[in-house]
Amino acid sequence: MPGYIRRLLAGSTVFALALCWATAALAEYWQFPPLPPPHEYGDILIGGEEGEKKVEAVFFSHWSHRLKYSCRVCHLELEFSFSSGGTDITEEDNRNGLYCGACHDGKQAFGHTEENCRRCHTGRLSSSPERFAELTGPLQKAKYGNKVNWSAAIKSGRIQPLYSIFSKDEKALDFSRKLELEAEWPYVPPAYFPHDVHVKWLDCSNCHPDIFNIKKKTTKHFLMRYILEDKFCGVCHLRVAFPLNDCKSCHPAIKNQ
C-alpha cells in the first residue's frame with residue numbers, strides 16, 4: 001500500500017477516535033436535565049393561585065397540542081411567553097377569548113364551564129401513557145424527549161398542525177438557509193441550524209431579535225453552558241423540543257452517540 005494512503009488512513013482513524021472521545025467527554029461534562037417518561041416530556045403546570053382565590057395548578061401537555069397546532073399559534077398569536085410562569089393568565093382573560101380561551105370556547109375545544117374545571121386544574125402532571133401511545137404511535141420515532149420525530153411527522157404529512165388560528169391564508173415562510181455553527185471544543189464537529197425545519201413551527205419573530213440577533217455571527221457568547229441556562233437554543237431544546245441529550249441531531253458528524 002502506498003505510503004500516502006497509509007498516512008491518510010491513519011489520519012482518518014485518529015480523527016474518528018477523537019470524535020468518539022469528544023462525544024463521550026461531552027456526555028460526561030455537560031449536566032443535562034433528567035428526562036421524564038416520553039408521555040410526560042413537555043408537560044408543565046401553570047399557576048395555582050389567582051389573587052386570594054386558591055385554585056389547583058393547570059396541567060398543560062405540549063405534545064397533545066402539538067399534534068394540532070404549531071408552536072407559533074400559542075407563542076405568537078396568543079402571546080404566551082416561552083418562559084414558565086412568564087404570562088399572567090386569569091379566568092376572566094380566558095372567558096374573554098384570550099390565551100386558552102381562544103380555542104377553549106366550547107366550540108373548537110371544551111369550554112370554561114364548572115364541570116370542565118377539573119379537566120385543566122388537576123394540580124399535577126396527568127398525561128395518560130395509553131393515550132400518548134395511541135395518538136403518537138403512527139408517527140416517526142426519535143431517540144429522546146417524546147421519542148417522536150416531530151419534524152419528520154410534519155414533513156410527511158402525518159400531522160398537519162395549524163400554522164394560524166386567525167387566518168387560513170397564513171403560511172410558513174419558504175426559507176431553507178442552513179447555518180453552520182462552529183463548536184467551542186476541539187474535535188467536536190459543527191452544529192447546523194436548519195431554518196426550513198423551524199419555520200414550519202415558529203415565526204421569525206419568535207427567535208429574532210430577542211433570542212438571536214438577526215444579523216449573522218453577531219449573537220455573542222453562544223456557548224453550551226448558556227444553552228443549558230435556558231438561553232438561545234435552550235429556550236426550547238431542554239423541555240419541549242428534542243432535548244440536548246440528542247447531540248447528533250445538531251452535530252450530525254458526531255460518532256457513536
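Provide the packing ranking of 238-248, 132-142, i.e. peptides ordered by the mean count of other C-beta atoms within 10 Å per residue, highest first.
On the way: 238-248: 19.6, 132-142: 14.8.
So the peptides 238-248, 132-142, ranked by packing, come out 238-248, 132-142.
Cα-based Rg (one decimal) and Dmax (whole number) for region 134-257, in Å?
Expressed in Å, the Cα Rg and Dmax of region 134-257 come to 15.5, 47.
Can you work out the accessible area per residue across the chain, with the rest of the protein chains kept in place, probe 1.4 Å, in square angstrom? Walk me through the intermediate numbers first.
On the way: 16590 Å² over 257 residues.
Spelled out: the 1.4 Å probe surface of the chain, per residue, equals 65 Å².
Let me have the relative contact order for region 127-247, percent, based on Cα pairs under 8 Å that are six or more residues apart. Before the final figure, lay out each step's value.
Values: 98 pairs, mean separation 23.4, N = 121.
Contact order relative to length: 19 percent.
Kindly provide the GluC sites (Glu not before Pro) of region 173-257 that DSSP labels as loop, not H, G, I, E or B, and whose Cβ sees at most 11 other Cβ atoms within 10 Å. If you can, show how the numbers build up before the last one.
On the way: sites: GLU180, GLU182, GLU184, GLU229; in loops: GLU182, GLU184, GLU229.
Answer in residue order: GLU182, GLU184, GLU229.
Leaving out ligands, DNA and RNA, and with a 1.4 Å probe, what % of the accessible surface on the chain is carbon or sulfur? Before the final figure, lay out the partial values.
Values: 9080 of 16590 Å².
For the chain, the apolar C and S fraction of the accessible surface comes to 55 percent.
Specify whether the C-alpha gyration tensor of region 158-223 places it in the rounded, prolate or oblate class, a ≥ b ≥ c being the square roots of the eigenvalues: rounded for a/c under 1.5, otherwise prolate if a/b is larger than b/c and oblate if not. It would help to have the intermediate numbers written out before the result.
On the way: a/c = 3.09, a/b = 1.95, b/c = 1.58.
Verdict is prolate for region 158-223.
Roughly what would the spin-label model give for ALA253 and LYS220, points 7 Å off Cα along C-beta, in nm?
Label-label distance for ALA253 and LYS220, simple model: 2.9 nm.
Could you grab the relative contact order for the chain? Cα pairs under 8 Å, six or more apart, rounded to a whole percent. Present the calculation step by step, with values, prior to reporting the outcome.
Working: 308 pairs, mean separation 60.5, N = 257.
Once divided by the residue count of the chain, the mean separation gives 24 percent.
The values are calculated or read from the model by the stated rules, or taken from the named source; none is laboratory data. The shown structure was predicted, so the numbers you read here are calculated from the model rather than taken from an experiment. Neighbour counts run over all protein chains shown; Cβ positions are idealised from the backbone, glycine included. Just the protein is used for accessible areas: all its heavy atoms, side chains included, with ligands, DNA and RNA removed. Shrake-Rupley method; radii C 1.70, N 1.55, O 1.52, S 1.80 Å.
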